[in-house]
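Here's the structure, in structure tokens; my notes come after.
The values are calculated or read from the model by the stated rules, or taken from the named source; none is laboratory data. Remember, it's a predicted structure, so these values are computed and weren't measured experimentally. Neighbour counts are summed over all protein chains in view; Cβ atoms, including those assigned to glycine, are modelled from backbone coordinates with ideal geometry. Just the protein is used for accessible areas: all its heavy atoms, side chains included, with ligands, DNA and RNA removed. Shrake-Rupley method; radii C 1.70, N 1.55, O 1.52, S 1.80 Å.
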Amino acid sequence: MKLAHKDLLRLATVGSVDDGKSTLIGRLLVDTRQLFDDQLDAVVAASEKRGVGDLDLSFVTDGLRAEREQGITIDVAYRYASTPSRKFIIADCPGHVQYTRNMATGASTADLALVVLNVAHGLKEQSRRHLCIAALLGVRSIVVAVNKMDEVNWSESAYQGVVDELDTLANELGFESVISIPVSALLGDNVVDPSPNTPWFDGPTVLHALESSEAGSWSGAHGGARLPIQWVLRQPGGGRTYAGMLNGASLQVGDSVTLLPANIETTITAISSGSGARDVASTGLSIDVALDAETDAGRGDLIATAPLPKVTKEFAATICWFGEAPLRVGQRLRLKHTSKVTPVRVHALSGVVDIATLAIDANTMLQTNEIGLATLQSADALVLDDYRDNRVSGSFVLIDEVTNATVAAGMVGRAAFL
Amino acid sequence: MTTETLQTLHMTDHLDLLESHAIFILREVVAECERPVLLFSGGKDSAVLLHLAAKAFAPQQLPFPVMHIDTGQNFPEVLDYRDRAVEATGARLVVAKVQDSIDQGKVIDPGPMGSRNRLQTVTLLDAITENGFDAAFGGARRDEDKARAKERILSFRDAFGQWDPRQQRPELWQLYQGKVNPGEHLRAFPLSDWTELDIWQYIEREQMDLPTIYFAHERDVLLRDNMWLAVGPFVEARSGEKIERLSVRFRTVGDANCTGAVLSEARTLSQIIDEVSVANVSERGATRADDRFSETAMEDRKREGYF
Ligand SMILES: Nc1nc2c(ncn2[C@@H]2O[C@H](COP(=O)(O)OP(=O)(O)OP(=O)(O)O)[C@@H](O)[C@H]2O)c(=O)[nH]1
Ligand SMILES: [Mg+2]
């Protein structure tokens, strides 16, 4: 049965600097008429002013002054689009290695990565890094635009060479769906309309691939319900309800649940959401629940159904490090996991991922933009799932205690390919 | 699929998810920050924001005050609505006046017809400092402008209130972290992922009250710089400009002298939704003189600390 509303696909562009990510998004939006007249006029005017031709499509998303001056994306742009079959939230990410933290920001909420590769360059180290980060973050499907085909005279063998290299890496990284397409973002070939220049290619256009990709969020596919408590609401008459956003699995009035880390078994006696009382709540909803037991539950605690997460003060994790100074063993940081904030210390660093080979090199430091494996010890007990079982209760960020800057993305456990 | 799961899927449509995400952000910021405030202009986005805030903390009262930066160049219908809407939530209303900044000599009076739009930034930042606010909720959406499209949901402001688009904090998953040092503050945008159409559909679904100027009505207007301005105390006809009485409505609400009306017959929410679905000019492009100033008008104002 078809549901009344259109489903939503969140996608992020990934790939190395200048390979054409912003141009491709600009092309997609212009050719599907998602831009308002005044927005298109503004892009035309800006292109003329900066002497970059009639229409620089990258200006559709590269909206900052510095980005337009330098012709480079600095931070993620979010665009909202909708076609007859789907709604899209598009995160156009920067390719430059210096802005890897911003790419991770854009990809952390994506269901699908739109990978853009320059056909003349193939997989550069930065393309490999982005693909690796996307895989770690849990992106399962990729659409690969092999771009700038106009510059290699639409050569099938040039295209095939890049696709072979890409397929090998995608296979290692464990992507479940990989669709490659030869395109020219600049001229529009195979983006929205099929190209007459690639008679040897019988696959979909980029738009068609995005519209038909099977790509719901995978969070919670293997686990129980998780409700991290954000806030306690006092009810008239003296009772309390516990508010948070539900994930992992749905929850019903009458369900047996466990309050963690206290490990108290109790029952859900009422659920309400923005639209009032309800019997069932599905994932993604902000709800508040009443519990059968009198507890002192509060912010940072978690309500769960089986299989339960583990409660621990020491755990292994995969870290993407964005700090300017290297991360070292013994370093103290603040960790935020769901609604819980606690001091942590780096107990051990067991290795750094070699982006070229995906091998783990022994090392005791993590440099900026490196990915490594670490063991962390926390002051307070944490309630954790493996990231691959739950994207919410398996993820955390590390925060610099002095500047309050977010310096790392962390995922509990270790991906199969590492 | 059982009927029950089908029912649950049906019940969670995209408006439910947007609502849930916004409520999540509201609760998270209130939990992490000491003294939040909600910026309320009386426009449709801040109306939705206030509505969501009331839901996020029901049955309790809002755990923060509501602040209006009053340029003194408002539409009277919007001030009426402001008082009505804030009173309905029982929240405390703080009004910070641009006129006070002018009287204190902090900014220069642009004259009765001049725009006070840019001056608001000074009034806003002073009010944030004087009240010791460390987080300010705003109703900005990423689909409004290319600089807003780049901004984080929790956006850091330094001790001078400035936004530095090159140094935004990474914002991974939905782990919004709101720690700031004294003197710094955050702007939080729970409606970041909403589009103009989402806002209207939500207003219709929730049967929300709005300022009357959002609905088509007869009004004296004149055409200036390709924009229909409402004739009134802040806009008078210059030589060569013709005053006409037309059926108009407003797509955004800002100062009376820089917000344009659109020609429209849409008198109900569903008629507005029909119009918005087929619009070919953006909301700000159609109606805001303040954004037309230069290529990066919004970015420049945001850097200084604007909403
Ligand atoms: N010939 C040709 N040039 C292209 C094509 N796509 C993009 N370009 C050019 O490549 C340059 C970089 O394009 P962008 O879209 O800014 O690249 P990007 O991947 O977004 O770069 P970053 O965001 O900075 O990582 C621009 O000069 C584009 O005009 C294409 O299909 N063919
Ligand atoms: Mg780009």
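Tabulated results
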item	result
D (Stokes-Einstein, µm²/s), Kirkwood Cα radius, region B:48-163, 1.306 mPa s at 10 °C	99
Shape metrics for region A:131-276, restricted to C-alpha atoms - Rg then Dmax, Å	24.2, 75
Hydrodynamic radius of region A:226-304 per Kirkwood, over alpha carbon pairs, in Å	12.2
Cut-off 11 Å between beta-carbons: net charge of the residues surrounding residue B:194, Lys and Arg +1, Asp and Glu -1	-4
Rule-of-thumb Rg ratio for region B:116-232 [Cα; 2.2 N^0.38 Å; N residues]	1.32
For region A:8-212, alpha-carbon Rg relative to the globular expectation (2.2 N^0.38 Å, N residues)	0.94
Eligible aspartates and glutamates near residue A:310 by straight Cα distance, threshold 17 Å, same-chain separation 8 or greater	A:265, A:301, A:380, A:385, A:386, A:389
Residues whose placed amide H lies under 5 Å from that of residue B:228, excluding near-sequence neighbours	B:261
Probe 1.4 Å - accessible area at residue A:121, Å² to nearest ten	110
Cα shape, region B:208-291, gyration tensor, a/c 1.5 rule	prolate
Positive dipole terminus of the protein assembly as shown, leading residue within B:226, A:300, B:54 (C-beta point charges)	A:300
Label-to-label distance, nm, for residues given as residue A:356 and residue A:329 (7 Å Cα→Cβ offset)	2.6
Largest-first principal axis extents, alpha carbons of chain A, Å	71, 53, 39
Rounded, prolate or oblate (a/c below 1.5 giving rounded, otherwise prolate when a/b exceeds b/c) for chain B by Cα gyration tensor	oblate
Over 20 Å between alpha carbons, listed pairs B:97/B:146; A:336/B:179; B:55/B:146; A:49/B:146	B:97/B:146; B:55/B:146
Whole-Hz ³J(HN,Hα) from phi, Karplus 6.51 cos²θ - 1.76 cosθ + 1.60, for region B:155-172, glycine and proline x	10, 7, 10, 6, 5, 9, x, 7, 9, 10, x, 7, 10, 6, 5, x, 10, 9
Reach of residue B:242 by Cα under 20 Å, taken over aspartates and glutamates that are not fewer than 8 positions away in the same chain	B:218, B:220, B:225
Surface accessible to a 1.4 Å probe, residue A:360 within the full protein complex, Å²	60
Dmax and Rg, reported as Rg then Dmax, of the protein assembly as shown (C-alpha, Å)	25.7, 78
Within-10-Å neighbourhood charge of residue A:141 [Cβ basis; K, R +1; D, E -1]	-2
Environment charge at residue B:93 (Cβ cut-off 9 Å; Lys +1, Arg +1, Asp -1, Glu -1)	0
Dipole in debye (nearest 20) - region A:8-212, about Cα centre, beta carbon charges: Lys, Arg +1; Asp, Glu -1	660
From phi via Karplus (6.51, -1.76, 1.60), per-residue ³J(HN,Hα) for region A:292-307 in Hz, x at Gly/Pro	5, 7, 6, 9, 9, 4, x, 3, x, 7, 9, 9, 9, 10, 5, x
Built amide H within the under 5 Å cut-off of residue A:264, gap 5+	A:259
Sequence of A:365, A:149 when ordered by accessible area, the most exposed leading, probe 1.4 angstrom	A:365, A:149
Computed accessible area, residue B:80, all protein chains, 1.4 angstrom probe, square angstrom	100
Of every Cα-Cα pair in region A:310-412, the percent that sits beyond 18 Å	42
Viscosity 1.306 mPa s, temperature 10 °C, Stokes-Einstein D of region A:12-84 from Kirkwood C-alpha radius, µm²/s	127
Accessible heavy-atom area order of A:101, B:157, A:345, B:245, highest first, probe of 1.4 Å	B:245, A:345, A:101, B:157
